[in-house]
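Student: Quick one: structure below, then a few questions.
Since every read-out is calculated from the coordinates, none of them should be taken as a lab result. Computed from a prediction, not measured in an experiment: that's the story for all the values here. All Cβ positions, even for glycine, are placed from backbone atoms using ideal geometry, and neighbour counts span all protein chains on display.
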């Protein structure tokens, strides 16, 4: 048995292990009657129609998208700024940032939620039961994924050397980071964002304890429908996976490595042109 054949078998078994439950859920969401046969006795889309006609489901979906988008954006912005500052100005202290970023791995969601409730229930900041406490906690729990994705991408593109090269061409550190380093890091940033989004869509403990029914998200809605109708619950799960696939496709499409390379090349050419123009003006001034 060749090594390639072994790999095919392993991947096939893993694919079946992951896809068979999802396929069964899809069948159940499309089944009208299914009790004594291997396959459904009748097929229907009425469960999906019922689901997308439910205003409560649409509101829960909108809330989840808002909370997750805000959390990922906040975590990316904070972590990008922190990593760049550490890399450029305090490279020897980056190990402390890594330790801080890994702390959420060791704190269970239930413990974190109880701590937050104890702190903010008697605080002058009234955010308990609101999406803001959920956004803040989500931004923290995805910090390890965001840090690791950005950190790996930063060292893959050799950011320090890119910044130094851009500075030699007359660019400031800020301009070098925005126009040269960030476009090269986009693959790692999007990978971190995708992993964080997928994780947060399945997160239940924090949402249930921090906001519960006061700000019903998709996870809370799914939990409350679980014991009412199995067909409707299956339709919710399949819709959830479909949303994740759409987000994945959009992020992959947004990445567009060919255009990114052209964009980076154009920025480098612009820096070269600006530097050459400055040199020519300096030479003209010396002649006068």
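Student: For segment 1-41, what is the convex hull volume of its Cα atoms per residue in Å³?
Tutor: 74 Å³
Student: Rounded to the nearest 0.05, what FRET efficiency do residue 73 and residue 45 give with R0 = 41 Å and r taken as the Cβ-Cβ distance? Could you check? Show your work: numbers first, answer last.
Tutor: Numbers: r = 35 Å, r/R0 = 0.85.
After rounding, the FRET efficiency stands at 0.70.
Student: Need one word for segment 201-244: rounded, prolate or oblate. Basis is the Cα gyration tensor (sqrt eigenvalues a ≥ b ≥ c); a/c below 1.5 gives rounded, then a/b vs b/c decides.
Tutor: Cα axes put segment 201-244 in the oblate bin.
Student: Right, next: With 10 angstrom as the radius, rank 102, 79, 245 by how many other C-beta atoms surround their C-beta, starting from the fewest.
Tutor: Least crowded to most crowded, the residues run 245, 102, 79.
Student: As I understand it, the value is the acute angle between the Cα axis of helix 257-287 and the longest principal axis of the Cα atoms of the chain; what does it come to in degrees, rounded to 10?
Tutor: Between helix and principal axis, roughly 20 degrees.
Student: Now for a different question. Given labels modelled 7 Å from the Cα in the Cβ direction, how far is it in nm from residue 118 to residue 250?
Tutor: 3.9 nm
Student: Based on other C-beta atoms within 10 Å, arrange 41, 216 from fewest to most.
Tutor: Listing 41, 216 from fewest to most nearby Cβ atoms yields 41, 216.
Student: Here's a follow-up. P(r) for the chain: what percent of alpha-carbon pairs falls in each 5 Å bin, starting at zero?
Tutor: Using 5 Å bins, I get a P(r) of 1, 5, 9, 11, 12, 12, 12, 11, 9, 7, 5, 3, 2, 1, 1, 0, 0, 0, 0, 0 for the chain.
Student: Quick one: if you stick a label point 7 Å off each Cα along the C-beta vector at residue 229 and residue 10, how many nm between them?
Tutor: 4.4 nm
Student: Something else about it: On C-alpha positions alone, give me the angle between the axis of helix 131-141 and the longest principal axis of the chain, in degrees, nearest 10.
Tutor: The answer is roughly 70 degrees.
Student: Using only Cα atoms and rounding to the nearest 10 degrees, what angle (0 to 90) does helix 143-156 make with the longest principal axis of the chain?
Tutor: Tilt of helix 143-156: around 40 degrees.
Student: Quick check: from the Cα gyration tensor, does segment 1-78 come out rounded (a/c under 1.5), prolate or oblate?
Tutor: Values: a/c = 5.35, a/b = 1.12, b/c = 4.77.
Oblate is the answer for segment 1-78, as a/c is 1.5 or above yet b/c matches or exceeds a/b.
Student: What does a probe at residue 37 reach in segment 207-237, counting residues whose amide N is under 14 Å from the point 7 Å along Cα→Cβ?
Tutor: Of the residues in segment 207-237, none has backbone N under 14 Å from the label point off residue 37.
Student: Place a point 7 Å from the Cα of residue 167 along the Cα-to-Cβ direction; which residues of segment 86-100 have their backbone N under 13 Å from it?
Tutor: 87-91
Student: Now, a different point. With 10 angstrom as the radius, rank 217, 87, 130 by how many other C-beta atoms surround their C-beta, starting from the fewest.
Tutor: The order, fewest Cβ neighbours first, is 130, 87, 217.
Student: Which residues does the label zone of residue 22 cover in segment 184-227, counting backbone N under 19 Å from a point 7 Å along Cα→Cβ?
Tutor: Within reach of a label on residue 22: 191-203, 219.
Student: While we're looking at this one, here's another question. Could you give the nm distance between label points at residue 174 and residue 125, where each point is 7 Å from its Cα heading toward the beta carbon?
Tutor: In this crude spin-label approximation the distance works out to 2.7 nm.
Student: Run lengths n ≥ 4 of DSSP H only: what is the helix-derived mean residue ellipticity at 222 nm for the chain, with -39500 (n - 2.57) per run over all residues, to the nearest 500?
Tutor: Working: 14 runs with 220 residues, N = 288.
That calculation yields -25000 deg cm²/dmol at 222 nm.
Student: Assuming a ≥ b ≥ c are the square roots of the Cα gyration tensor eigenvalues, decide whether segment 1-142 counts as rounded (a/c under 1.5), prolate (otherwise, with a/b larger than b/c) or oblate.
Tutor: Working: a/c = 2.88, a/b = 1.41, b/c = 2.03.
Oblate.
Student: Quick one: pull the percentage of alpha-carbon pairs in segment 103-200 with a separation above 21 Å. Before the final figure, lay out the partial values.
Tutor: Working: 2443 of 4753 pairs.
Within segment 103-200, distances greater than 21 Å cover 51 percent of Cα pairs.
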